[in-house]
Every structure is written in C-alpha cells, then in structure tokens.
1. Considering region 12-47 alone, what residues qualify as being of a type in the set (A, V, I, L, M) and either crowded, with 16+ Cβ neighbours inside 10 Å or over 19 Å from residue 69 (Cα atoms) (or both)?
2. Restricting to region 47-58, and then to whatever is among the hydroxyl-bearing types (Ser, Thr, Tyr) and not in a strand (DSSP E or B), can you tell me which residue is farthest from the chain's Cα centre (by Cα)?
3. Please specify each residue of region 27-46 satisfying the condition of being in contact (Cβ under 8 Å) with a residue 60 or more places away in the chain and not in a strand (DSSP E or B).
Amino acid sequence: QVQLAESGGGLAQAGGSLRLSCAASGRAFGSYTMGWFRQAPGKEREFVARIEWTDSSTYYADSVRGRFTISRDNARNTVYLQMNSLKSEDTAIYYCAGTPTYGSLTAAVYRYWGQGTQVTVSS
C-alpha cells in the first residue's frame with residue numbers, strides 16, 4: 001500500500017517557476033513508476049511526466065518537455081516536479097500517482113493517487 005501527498009502548488013506568473021513535491025508512505029515506493037498528471041477545469045486528466053524505478057528514466061508530455069523536470073529521491077520517498085517557464089495553460093490541479101507497471105502513460109494504469117495540488121499561472 002502506498003499513500004501519496006502532494007505539496008508545493010500555488011500561484012505563479014507566466015515565465016516563473018514552481019516545484020511540486022509528492023511524499024509517499026509505504027515501503028514499496030522504491031519499486032513503483034511514479035507519474036504526474038494534471039486536470040484543468042472542464043478537461044480530462046492528462047499525463048505530464050513519469051519516472052521509472054528501475055533506471056530512473058523519464059518521459060514527458062510534448063506540452064511540457066524542455067520546461068518540466070521530474071525526479072525522485074527514493075531515500076526520502078519523494079518525487080518532484082520542477083516546473084519552469086510556466087504558461088497560463090499549465091493552470092490545473094496536479095496529481096502524483098504510482099504504479100508497479102513499467103512505462104505507464106495512462107491514468108487508468110496508476111494504482112495510487114494523491115489528493116492533488118492547485119497550480120495557477122497568471123499571464
């Protein structure tokens with residue numbers, strides 16, 4: 001069992017930065033693929049980024065590649081999402097999620113979810 005809790009959301013100006021954190025409880029954290037998803041008002045939840053537990057390889061949605069960076073610290077049971085060059089279209093609730101399945105891009109595959117943290121980017 002893994003429990004996830006996001007933090008670090010808030011208000012930022014366009015072009016600014018925020019760093020989200022996801023603290024995980026549960027000894028299986030180190031063996032899970034961890035992902036970030038987001039959901040804007042009136043839109044479906046979408047994939048943002050993931051990081052694998054086997055080799056810490058990463059993958060990003062086209063919309064954030066080059067601006068966002070996902071990382072993990074297994075010793076601290078924490079996953080991070082560094083968000084730079086923020087745009088108004090990045091405004092959404094951001095969710096941290098975990099799955100034992102390698103290479104997961106779809107929300108349905110992720111087993112554990114945090115409660116979400118709001119990110120608002122003003123233009």
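No value in this document is a laboratory result; all are computed from the given coordinates. Just so it is clear, the model here is predicted, and its values are computed rather than measured. When we count neighbours, we look across all protein chains shown, and the Cβ atoms used for this are built from the backbone with ideal geometry, even at glycine.
1. Residues satisfying the conditions are 12, 18, 20, 23, 24, 28, 34, 40.
2. Among those that are among the hydroxyl-bearing types (Ser, Thr, Tyr) and not in a strand (DSSP E or B), it is 54.
3. Those that are in contact (Cβ under 8 Å) with a residue 60 or more places away in the chain and not in a strand (DSSP E or B): 28, 29, 31, 32, 45.
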